[in-house]
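Taking it in order: structure first as structure tokens, then the write-up.
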Amino acid sequence: MQLGVCYYPEHWPEDMWRDDARRMAEAGIARVRIGEFAWSRIEPEQGIHDWSWLDRAIDVLHEAGLKIILGTPTATPPKWLCDTMPDMFAVDADGRPRGFGSRRHYCFSHLGYRAEAARITCAMADRYGEHPAVVMWQTDNEYGCHHTVHSFSDSARTAFRHWLANRYGSVAALNTAWGNVFWSMEYRSFDEIELPNLTVTEANPAHWLAFRRFSSDQVISFDKMQIDILRERSHGRDIMHNAMGFFPDYDHHDLGKQLDVVMWDSYPLGFLEMFKFSDAEKHEYARQGHPDIAAFHHDLYRGCGKDGRWGVIEQQPGPVNWARHNPAPLPGMVRLWTLEAMAHGAELVSYFRWRQAPFAQEQMHAGLLRPDSEAAPGLGEAKQASADISAIGDIGTPVKEAALVFSYDAEWVTATQPQGEGLSALWAAFHSYTALRKLGLNVDIVPPGAPLAGYGLVVLPCLPVVPECLVSQLKDFPGQIIIGPRSGSKTEDLSIPPQLAPGTLAQIFPAKVMRSESLRPGTEHPGDGFTIRHWLDHLETPAEAELVSDDGTAACWKQGNVRYCTGWPEGALIENIVARAADDAGLATMALPEGMRVRKTSARTFVFNYLAAQQDIPSEIRGAPTIGERCLGPAAFAVFNTD
Ligand code: GAL
């Protein structure tokens, strides 16, 4: 694994560049990402390019022995460009166009903007595609950031109609698939179909699901347009894009198929603060991040990348500026996050950013250097991490234990039709992941249809639409299987299947879901060591009720190697079920102390302590660590040779 940093030469006087490059190399940094927001400096006026500064910046970095990841600048179309086509702005769900003055203001469906994005990508690739220092490209920056996947513009409407015509063939087929006889919603031609915003009450959920799928495809085709240009003009260079945390608005499995590497932007403290964690968790982990935030995304994006190639292109180095509260990480956390990415198989961890900018939107966001160029705490930790990486050496191959099946489409179904406030397939996956990780298990998060050979346990936390290929795979799967609620409950176009839930999954688990209900807070079914919360599937099944709540409600059914979890898969309920299944699968588990996590590869076993307190490593992990101690302080880690 290499270390990298995100750098903005255009933010600094040129006479600082050489020293910056020298200090980067000295800190053990091998790769520098540049360029992704620099359009107004590369092309200050339409058709007038100024490459000279970027030529010199690339040369300075190159001379210091650094390799470059070059970003296409399409996330920040400059003012002159927007002025030439004022309808290129994305439009929000209330029908308001996004304005100029920050970033990501374009609409993915605007053909004029696509042409401009292609033009600047060609120009950059022609200029730097064969430069010896340029080893990788980043397309755009964080597709969808600031809620920009879904645009309700005229261009989007036109493109959506084409997309629908392509998918359904005839408007009659669409009417049937969506059930448009309901409320007299039938269309006579594709040209009559609007975007699903601005309806009086909710639009047909099939309409929304189609719009979500369409919007994702627009992101993928926008990206593909850039990839085709880069592949033609920059031979042998890898192409990646930077994904975000807890962000399901486009299908990252689709994106990963066309990239060489999937990277992501890891801001554990910002994510803890901004996403659905309890106050207790926010308090406990304020300076560390919840112990599964980074690892969940490492394992998710590894499963999105072609050949499993992935990395962290932006690593939080200190306080960020964009969360509700922005604390500093505990001393040691930057080093720990870096090593944890290594343990999960990253090929790069790159810090965001080199030096804190004293101006503009992110002036309160830490870098490895302070604005006055003195070292910020992150720099020392990056240096330590660099030494650790060399000391650890080859980590071998990951140990396969549990596969967790997640699809973006599943999340779009639950987002479109939550049925109970906040219920989300993505979060069902996260909580199931936590349950597995608390037992010390390695987890691969995979799309439906990914090979399942070698796993002891497969978990489908919540998969409303089940592709046929997955059913056939599960029929032959020799290990243990857990099916979560709502799985198999919908057809491809978001109707209830004729045989009712779990639909085709009944081929591996004989059951019919007679009724589903969501449970308001306080309406719960406690049992011995678990509680049914948020959701309840009532099953008719010959299976055995393995977990039954105090009032006689089945929480888990079991038949053969398959279990069905009737309540929402989180907390003690899914922990209980996962522990039983892991046991039946013969997987070696351990009861890890609060906030401690383990990652095993053929050569090394890594242990991370996310708790702000000292804790002992459990006895199941034997021997003396080669790095760290058996008693881990706050934000500390240890590395063992795997026996
Ligand atoms: C990311 C983004 C960066 C920077 C960073 C700040 O979302 O890609 O450009 O804004 O956040 O944390």
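Laboratory data are not the source of any read-out in this text; all were calculated from the coordinates shown. Because the structure is predicted, anything quoted here is derived from the model rather than measured. Every residue, glycine among them, receives a Cβ derived from its backbone with ideal geometry; neighbour counts consider all protein chains shown.
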Can you find, among ASN576, SER373, ILE68, the residue farthest towards the positive end of the dipole of the chain? Put +1 on the C-beta of Lys and Arg, -1 on that of Asp and Glu. ILE68
7 Å from Cα along Cα→Cβ at both GLU26 and GLN614: what's the point-to-point distance in nm? 3.5
What FRET efficiency, computed as 1/(1 + (r/R0)^6) with R0 = 60 Å and r the Cβ-Cβ distance, is obtained for ASP643 and CYS469, rounded to the nearest 0.05? 0.95
Set LYS306/LYS600; LYS306/LYS400; LYS276/LYS400; LYS257/LYS512 screened for pairs whose C-alpha atoms are more than 24 Å apart: LYS276/LYS400; LYS257/LYS512
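Average projected area of the Cα convex hull of the chain, in nm²? It would help to have the intermediate numbers written out before the result.
Values: hull surface 112.1 nm².
Quarter of the Cα hull surface area: 28.0 nm².
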Quick one: if you stick a label point 7 Å off each Cα along the C-beta vector at LYS400 and VAL135, how many nm between them? 2.9
How many nm is it between the label spots at SER602 and GLU281, if each spot is 7 Å from the Cα in line with the beta carbon? 3.4
Dipole magnitude of the chain about its Cα centre, charges +1 at Lys/Arg Cβ and -1 at Asp/Glu Cβ only, in debye to the nearest 20? 460
Figure the gain on full extension for LEU519 and GLU362 (residue separation times 0.36 nm, minus the Cα-Cα span) and round it to one decimal in nm. 52.4 nm
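First measure r as the distance between the Cβ atoms of SER390 and LEU198, then evaluate 1/(1 + (r/R0)^6) with R0 = 60 Å and state the FRET efficiency to the nearest 0.05. Walk me through the numbers on the way to the answer.
Values: r = 57 Å, r/R0 = 0.96.
Between SER390 and LEU198 the formula returns 0.55.
Multiply the residue separation of GLU594 and ASN175 by 0.36 nm, subtract the distance between their alpha-carbon atoms, and state the gained length in nm to one decimal. Before the final figure, lay out each step's value.
Details: separation 419, 0.36 × 419 = 150.84 nm, distance 5.20 nm.
Taking 0.36 nm per residue and subtracting the Cα distance, the gain is 145.6 nm.
Give, in nm to one decimal, the length gained when the segment between ASP228 and HIS325 is fully stretched (0.36 nm per residue of separation minus the Cα-Cα distance).
On the way: separation 97, 0.36 × 97 = 34.92 nm, distance 4.09 nm.
Taking ASP228 through HIS325 to full extension adds about 30.8 nm, to one decimal.
Rounded, prolate or oblate, given the Cα gyration tensor of segment 402-584, with a/c below 1.5 counting as rounded? List each step's numbers first, then the result.
Working: a/c = 1.27, a/b = 1.07, b/c = 1.18.
Cα axes put segment 402-584 in the rounded bin.
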Which part of segment 594-624 falls in the paramagnetic zone of ARG630, meaning amide N under 17 Å from the point 7 Å along Cα-to-beta-carbon? 605-608, 614-624
If I take R0 = 45 Å and measure r between the Cβ atoms of HIS146 and GLN559 in this structure, what FRET efficiency does the formula 1/(1 + (r/R0)^6) give, to the nearest 0.05? 0.45
Listed residues ILE193, HIS162, VAL181: farthest to the positive end of the dipole of segment 154-207 (Cβ charges): HIS162
If you count the DSSP beta bridges with both ends in the chain, what percent of them are antiparallel, to the nearest 5? 45
Sorted from largest to smallest, which semi-axis lengths in Å does the alpha carbon gyration tensor of segment 596-641 give for its equivalent ellipsoid, taking the root of 5 times each eigenvalue? 17, 10, 9
Could you pull out which residues in segment 205-235 have an amide N less than 18 Å from a spot 7 Å beyond the Cα of PHE182, following the Cα-Cβ vector? 205-213
